[in-house]
Every structure is written in C-alpha cells, then in structure tokens.
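Please read the structure below before turning to the comments.
The values are calculated or read from the model by the stated rules, or taken from the named source; none is laboratory data. Quick caveat: nothing in here was measured; it's all calculated off a predicted structure. Every residue, glycine as well, gets a Cβ built from its backbone with ideal geometry; the counts of neighbours run over all protein chains shown. In case anyone asks, the SASA skips ligands and DNA or RNA and just uses the protein heavy atoms, side chains included. Shrake-Rupley method; radii C 1.70, N 1.55, O 1.52, S 1.80 Å.
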Amino acid sequence: AYLKLALDVENVLYENYNSWDYYNRTDTIKVNNLVSVLQLSIKHEQFNFIKERYAYQLIKLLRYSKKYTEASDVYKNHFSYLGSKSFISYWAMDQYAGILRKLGDTTTSNYYFLNVIINSPSKRISAFSSYNVSSQKEFDLLEKMCRTNEEKIFLFFLRANNRKSLIL
C-alpha cells in the first residue's frame with residue numbers, strides 16, 4: 001500500500017512537469033484525494049516506520065502543491081528535532097526547511113538545512129545547495145540557535161567554504 005501511494009504522489013507531482021518551473025501545475029482533485037488517503041493511512045498505520053513514510057509523502061505533496069502551512073503542521077505533528085533520527089526524518093526535515101524558506105523564515109530554514117547537512121548524507125548536497133546565510137545578522141541569529149558544538153562547528157565550516165565570505 002505504501003509503495004503504491006508513494007508512486008501516486010510522484011505521478012501527481014510530475015504529471016505536468018516542466019523543468020523551468022520549480023512548482024508545476026498539479027491536478028487539485030488528485031492532490032486532494034491523495035491528501036485524504038495519506039491522512040487516513042497515517043491515522044490507521046500501526047508501525048512508526050511506515051507512518052513516518054506516509055507523513056513524508058504528505059509533506060512533500062503539500063509542499064509542492066503550495067500548501068505550506070498544512071505541510072508545516074504535518075512536519076510538526078510527525079517529526080521533531082528531538083524525535084526520530086531515521087533517515088526519512090531528515091528527508092522530511094529537508095522538505096520542512098524548504099517550506100520555512102517559502103514562508104519567509106530564512107534563519108530557521110537555514111538551521112534545519114544545517115542539521116540535514118550534518119546528519120543526512122543522502123540529502124547533504126540538496127541541503128547544501130539550499131543553505132544560504134546572506135548577512136552577519138542572520139549568521140549571529142543562526143549561531144544562537146545552535147544547540148551543540150557540532151552544529152556550531154558546521155556553521156563556521158559552511159561560512160568558511162563560502163567564496164564570498166570574509167572570514168578567512
């Protein structure tokens with residue numbers, strides 16, 4: 001059941017795919033039907049392993065349908081920073097960071113991208129491409145958000161790797 005739903009999500013998202021348009025036109029009826037099916041699947045699934053995957057598909061579907069607030073709520077309800085450390089939780093975190101960017105919260109978005117870079121080799125390049133600290137003020141705010149020395153080390157490492165950085 002999960003694999004079929006995951007394929008259905010991919011098919012709906014890429015049905016009218018245009019590589020020049022990041023957010024493509026999606027069939028609203030198909031999206032809403034899939035959202036309902038995924039919500040029911042999450043509700044009735046007994047195994048967290050599968051439940052996380054349904055939640056990830058729902059977040060992805062909502063994000064690329066421009067339903068950012070709903071997608072954010074799904075992330076908050078099913079994944080948390082201190083919760084699951086499964087690879088799918090970091091995939092969801094990568095989606096959530098992109099959602100936060102769309103909602104205008106770039107500092108928090110960068111914080112989540114930073115954590116994906118640190119913890120998810122499979123999404124590291126994607127998160128690195130999206131990570132973008134554009135001012136000293138934002139860097140300072142991001143540094144205050146860091147909870148561990150590892151996060152701070154990576155924060156300064158990413159800053160040093162930026163060709164436009166004056167840190168060196």
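Of note:
- Verdict on PHE49 being open to solvent by less than 90 Å² (accessible area, probe 1.4 Å), under 30 Å from THR148 (Cβ atoms) and modelled with pLDDT under 95: no
- Of all the criteria given as (1) farther than 23 Å from PHE79 by Cα; (2) out of contact with any Lys or Arg (no Cβ under 8 Å at 6 or more places or on another chain); (3) assigned to a helix (DSSP H, G or I), the one not satisfied by SER134 is (3).
- Pair list, Cβ under 9 Å, 6 or more apart: the stretch 140-158 residue more than 14 Å from ASN110 (Cβ to Cβ), other residue outside any helix (DSSP H, G or I) and hydroxyl-bearing (Ser, Thr, Tyr): ARG147/TYR81
A quick yes/no check of all residues on (1) assigned to a helix (DSSP H, G or I); (2) under 30 Å from SER36 (Cα atoms); (3) open to solvent by 20 Å² or more (accessible area, probe 1.4 Å); (4) modelled with pLDDT of 95 or more:
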{"residue": "LYS66", "(1), (2), (3), (4)": "no, yes, yes, no"}
{"residue": "ALA97", "(1), (2), (3), (4)": "yes, yes, no, yes"}
{"residue": "LEU142", "(1), (2), (3), (4)": "yes, no, no, yes"}
{"residue": "ARG159", "(1), (2), (3), (4)": "yes, no, yes, no"}
{"residue": "ARG163", "(1), (2), (3), (4)": "no, no, yes, no"}
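- Every pair of residues 6+ apart whose Cβ atoms lie under 9 Å, when the first sits in the stretch 1-30 and is at negative phi and assigned to a helix (DSSP H, G or I) while the second is at pLDDT below 75 and open to solvent by less than 90 Å² (accessible area, probe 1.4 Å): LEU13/ASN24; TYR14/ASN24
- Residue check, SER41 open to solvent by less than 10 Å² (accessible area, probe 1.4 Å), of a type in the set (S, T, N, Q) and either in contact with a strand residue (DSSP E or B) (Cβ under 7 Å, 6 or more places away or on another chain) or part of a helix (DSSP H, G or I) (or both): no
- In this entry, SER129 passes the filter for residues that are in a helix (DSSP H, G or I), free of Cβ contacts under 8 Å to residues at least 12 places away in the same chain and out of contact with any Lys or Arg (no Cβ under 9 Å at 6 or more places or on another chain).
- Only one of SER36, SER84, SER72 that is at pLDDT below 95 and either hydroxyl-bearing (Ser, Thr, Tyr) or assigned to a helix (DSSP H, G or I) (or both): SER84
- Test: GLU138 is open to solvent by less than 30 Å² (accessible area, probe 1.4 Å), acidic (Asp, Glu) and within 29 Å of SER65 (Cα to Cα): yes
- Any hit, the stretch 77-94, residues being closer than 19 Å to LEU13 by Cα, of a type in the set (Asp, Glu) and touching a residue at least 12 places away in the same chain (Cβ under 8 Å): yes
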